[in-house]
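So the structure is just underneath, and the comments pick up after that.
The values are calculated or read from the model by the stated rules, or taken from the named source; none is laboratory data. Because the structure is predicted, anything quoted here is derived from the model rather than measured. Heads up, the Cβs are rebuilt from the backbone with ideal geometry, glycines too, and the neighbour counts pull from every protein chain shown.
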Amino acid sequence: MEVPSFDDAAAMIASTKPDGMYVSVPPFAHGPAEHSVDAGATLCVEKPVVLGMRVGRDLGRLPGAVHRFGRPRTELPRGRRVGMALATRVEGIPGAPWWRTERIGGGMLVEMHTHAVAMLRLLVGEVKSVCAMTDTRLIGERPELPGLDIPDVEASTLRFASGALGVVANACALVGGLRLPGAGGTHILAQGLGPSLGGGSPSASFEGGKSEPLPGRGLHDHRLNEAFVHAIRTGDR
């Protein structure tokens, strides 16, 4: 089966007239693809959606947009009082040149760790206040990474509307073969409960020593795709 290829989103949509479309492009490329879709087509737009709020709000008003995150991997803490939430991620620098340039990629927190922020908002609630610091301390000017101007370490403390505290920290300083095992994941400390997401074995621990496994990312992605296909078939967005 021969599949046609296109270098222009508007031309592709005019030719194929899709019922639904995944928009999975770098942050700077959002906007034209979404606006090329006729009213009524269903979109599944990858985070991060944009680099600025003006364009983001504009895209949010599109009639074909699907405004949902997909179901989270767990519904815990299910109303229990949350004391603190932690989200950390430590990686290297991806190979795409745009990723390491802040004005088009947004930096690691915007382009990569935004998924953890969304997860915290789903499970803990909206954020009331933020204090953040960033710096470039470890990777600096490297000839093999031209155009690099993003922070390599970022740390934020959060106060949720519920009163719970949060910490979001990430770094993209693992270069030259450097490794830091066990440095990533999302964890919530609640009354009698401690769910941990990320890594190879997500789980929840309870008072009394009981623990139970939580669904992995594969099931989460499957549910998101199910919700998208349902929206296309039924118009329920």
I need the full set of residues from the stretch 150-166 which are surrounded by 15 or more Cβ atoms within 10 Å (Cβ to Cβ) and either over 20 Å from G95 (Cβ atoms) or β-branched (V, I, T) (or both), in order please.
I150, V153, E154, A155, S156, L158, F160, A164, L165, G166
Can you work out which of the residues in the stretch 85-104 that are part of a strand (DSSP E or B) and of a type outside the set (A, V, I, L, M) is surrounded by the fewest Cβ atoms within 10 Å (Cβ to Cβ)?
T88
Of all residues being in contact with a Leu (Cβ under 9 Å, 6 or more places away or on another chain) and without any contact (Cβ under 8 Å) to a residue 40 or more places away in the chain in the stretch 105-130, which is surrounded by the most Cβ atoms within 10 Å (Cβ to Cβ)? Just the residue, please.
V127
Just one of R142, R159 is touching a residue at least 12 places away in the same chain (Cβ under 8 Å), part of a loop (DSSP other than H, G, I, E, B) and of a type in the set (D, E, K, R); which is it?
R142
Do you know which residues across the stretch 206-235 are of a type in the set (D, E, K, R), more than 23 Å from the chain's Cα centre (by Cα) and modelled with pLDDT under 85?
E207, K210, E212
Take the residues in the stretch 14-30 that are within 26 Å of the chain's Cα centre (by Cα) and outside any loop (DSSP other than H, G, I, E, B), then tell me which one is surrounded by the fewest Cβ atoms within 10 Å (Cβ to Cβ).
Y22
